[in-house]
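Visitor: The structure under discussion is supplied below as structure tokens; questions concerning it will follow.
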Number of protein chains: 2
Amino acid sequence: MDKTAVLQAFEALSSGIRLDVFRLLVVAGREGRVAGDIASTLDLPATNLSFHLKALTQSGLLSVEQEGRYQRYRANIPLMVQVIAYLTDNCCAGHPEDCAGLRQTLDCSNEASRRR
Amino acid sequence: MDKTAVLQAFEALSSGIRLDVFRLLVVAGREGRVAGDIASTLDLPATNLSFHLKALTQSGLLSVEQEGRYQRYRANIPLMVQVIAYLTDNCCAGHPEDCAGLRQTLDCSNEASRRR
DNA sequence: ACAATACTTCAATTGTTATTGAATCATTAA
DNA sequence: TTAATGATTCAATAACAATTGAAGTATTGT
């Protein structure tokens, strides 16, 4: 994973609007959401949302697919995982207990995470 | 975990210098590193590094401790974990297989992660 | 006490990012 | 084919972040 890609991802996530958009699409999963749907959910002018969707897409965190006159956006989960891996790389070198919470937090197949 | 805290963390990580600093300290672990040490490792002027250390510290991603005339910085791993949790929250609702790579990637106590 | 070292703050400049309304493009419905 | 809808682009303005050198504060060594 190269640093500039990770940086672009963090830049993309460092705006409140884009963070909301991305999280919305993380939850939406495979189905994704079309732009207008996102705009009304987050109560944003189309022009401003478009600006942020472009930034997120250019960072690679979102993908777009055209559906007639709609644009369907989806979160790129594998990229998200790679970014996290880059950040946490070697995080507990010598002291695995320091980041014990990490595995637990991220085991999204367990009960606790479903309750979160 | 509140959104503004997460945003501050992403803002902090969205600069190449701060990303390098943070990762350096993630690897350094409990021991941390003093400012001058970080400056020489990353080849940065003290004044510029100081600016970025302040931003990282204000975001909560770093802690500082004074040691005589030195300032020792450490990564705040629990906050990093919370930020990741916020981002990945509900990431595989209904489709656990979509983020199967997540658990594996982040199991830093396993062999593969030590080799990364 | 004085000088040196470690680091931070300040102020000025430069560069980058966000927001908005108007205009545009593409697709669908009448 | 004309009108309506969904979405993006453009240009202008406003807001914010990064870098630098000079000055300042705190601690240690002589």
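Visitor: Tell me, yes or no, whether region B:40-57 has at least one residue that is under 16 Å from A:L87 (Cα atoms) and at pLDDT 95 or above.
Guide: Checked against the condition, which is being under 16 Å from A:L87 (Cα atoms) and at pLDDT 95 or above, region B:40-57 yields at least one hit.
Visitor: Select, from A:T57, A:T41, the only residue that is of a type in the set (V, I, T) and more than 10 Å from DNA strand D (Cβ to nearest atom).
Guide: Testing whether each residue is of a type in the set (V, I, T) and more than 10 Å from DNA strand D (Cβ to nearest atom) leaves just A:T41.
So that you can scan it fast, the table gives a plain yes or no per residue for (1) within 10 Å of DNA strand D (Cβ to nearest atom); (2) in contact with a strand residue (DSSP E or B) (Cβ under 8 Å, 6 or more places away or on another chain); (3) part of a strand (DSSP E or B); (4) over 19 Å from B:G16 (Cα atoms):
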position: B:S50; (1), (2), (3), (4): yes, no, no, no
position: B:L53; (1), (2), (3), (4): no, yes, no, no
position: B:L79; (1), (2), (3), (4): no, no, no, yes
position: B:Q82; (1), (2), (3), (4): no, no, no, yes
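Visitor: Then there's this: For residues in region A:44-71 being surrounded by 19 or more Cβ atoms within 10 Å (Cβ to Cβ) and not aliphatic (A, V, I, L, M), which is nearest to the chain's Cα centre (by Cα)?
Guide: So, considering only residues that are surrounded by 19 or more Cβ atoms within 10 Å (Cβ to Cβ) and not aliphatic (A, V, I, L, M), the one nearest to the chain's Cα centre (by Cα) is A:S59.
Visitor: Residues of region A:2-15 being in a loop (DSSP other than H, G, I, E, B) and facing chain B (nearest Cβ under 10 Å), which ones?
Guide: A:S14, A:S15
Visitor: Something else: What single numbered condition from (1) buried (at least 19 other Cβ atoms within 10 Å of the Cβ); (2) modelled with pLDDT of 95 or more; (3) under 24 Å from B:Q8 (Cβ atoms) fails to hold for A:A85?
Guide: (2)
Visitor: Select, from A:R72, A:R33, A:R18, the only residue that is under 21 Å from B:L87 (Cα atoms), in contact (Cβ under 8 Å) with a residue 24 or more places away in the chain and facing chain B (nearest Cβ under 10 Å).
Guide: A:R18
The values are calculated or read from the model by the stated rules, or taken from the named source; none is laboratory data. Just so it is clear, the structure is predicted and the values come from calculations on it, not from any experiment. Cβ: placed from backbone, ideal geometry, glycine included. Neighbour counts: every protein chain shown.
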